[in-house]
1. Modelling each spin label as a point 7 Å along the Cα-to-Cβ direction, I'd like the T269/L98 distance in nm, to one decimal.
2. Taking a ≥ b ≥ c as the square roots of the eigenvalues of the Cα gyration tensor of the stretch 12-169, is the shape rounded (a/c under 1.5), prolate (a/b larger than b/c) or oblate?
3. With a 10 Å Cβ neighbour count serving as the proxy for reagent exposure, in which order, fewest first, do C49, C153 appear?
4. Can you give the net charge of the other residues whose Cβ lies under 10 Å from the Cβ of R179, counting K and R as +1 and D and E as -1?
5. Sum -39500 (n - 2.57) across every DSSP H segment of at least 4 residues in the chain, then divide by the residue count to get the 222 nm mean residue ellipticity, nearest 500.
6. Rounding to the nearest 20 debye, state how big the charge dipole of the stretch 12-169 is about its Cα centre with +1 on each Lys and Arg Cβ and -1 on each Asp and Glu Cβ.
7. From Cα pairs below 8 angstrom and at least 6 apart in sequence, can you work out the relative contact order of the stretch 175-278, rounded to a whole percent?
8. Under a 10 Å cutoff between Cα atoms, tell me which one of M100, M74, M183 has the largest fluctuation in the Gaussian network model of the chain.
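Nothing in this text is a laboratory measurement; each read-out follows from the coordinates by a stated rule. Nothing here was measured: the structure is a model prediction, and the numbers come from that model. Backbone-built Cβ (ideal geometry, glycine too); neighbour counts: all protein chains shown.
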Amino acid sequence: MVNRHLELNGQIHETPFFPEGYFMQKHQPIVMEEMHTHGHVEVLLPNNCELTYLTKAGNFKTSDKNLHILWGQMPHRVTRVSGSGFIYIANLPLYEILEMNFPESFLSKLFTGQLINANKTDEFDISLFNKWIEDYSSKDLQKISISKLELRCRLMRQMLDDWNYSEGLYQKPNKQTSRLQHMIKFLAENYTQSISVKEIANAGKISEGYAMFLFQKKMNMSLTTYLNRLRLHHAKSALIDSSEKISNIALDSGFGSLSRFYEIFTTETGKSPSKYRLKPSY
């Protein structure tokens, strides 16, 4: 059993090995030495273990066999693991969550880095996740599509029963963090649109210069880099999960022109969008 706590060391890196689009994981959780980010929304189900997550919003503890949701784009890491069981993780692109029209109260918590918990355990969740893992491992695209639909339905059904928001572990943000959170929420909800630095700064009620300074200080990246990562993750997920034309994906992801999309995409991935799409999806 691992049971130790690590302090935040300020290092943040983007996880480079995550597949894009929808994918499933099952593994024994470990303590993470560094904060990391990725574009997915994680749907977590611990089985015979409990984890403590550290995010920009505070420390959050999971409950065994209970459903949890965390947005991976907010820097986070596991700081403590109790128990010797497994954790199931279903990873969904952010746009899939936004398409479900969850209420503002839910999205506000998600976009500020809080771990959101189902208000009670469901005895069928373990068998559901095992089936989804089996479908994903089969590489049968029809089964994978059905399992993703079932996951979305499970989340929507949970919305009827409501969620808990770990208020006891939530750290009230200071003024800088609160302004940053408002800007991150604005970006998460609007990154597919044409938005300016001024509009982003207005969401935090600060100047453009201070907005750029705050992103660099708190997120260890420029505001533009953060926005491009949101758009790139959307585009990469769409390239793998759909047969939509590349030009439409570029515009739907928020890129103002096809040439700009190709420039950023190729620089980031080392491949053209068409070659990226040809790689194995599952």
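1. 1.9 nm
2. Values: a/c = 1.27, a/b = 1.18, b/c = 1.08.
Note, shape of the stretch 12-169 comes out rounded.
3. Details: C49 19, C153 11.
Ordered from fewest to most neighbouring Cβ atoms within 10 Å, C49, C153 come out as C153, C49.
4. Working: positive: K175, K205, K218; negative: none.
Local charge sum for R179: +3.
5. Details: 11 runs with 128 residues, N = 282.
One gets -14000 deg cm²/dmol as the mean residue ellipticity at 222 nm.
6. On the way: 15 positive and 20 negative charges, 25 e Å.
For the stretch 12-169, the charge dipole is close to 120 debye.
7. Details: 92 pairs, mean separation 24.2, N = 104.
Here the relative contact order equals 23 percent.
8. Evaluated over the chain, the most mobile residue of the options is M100.
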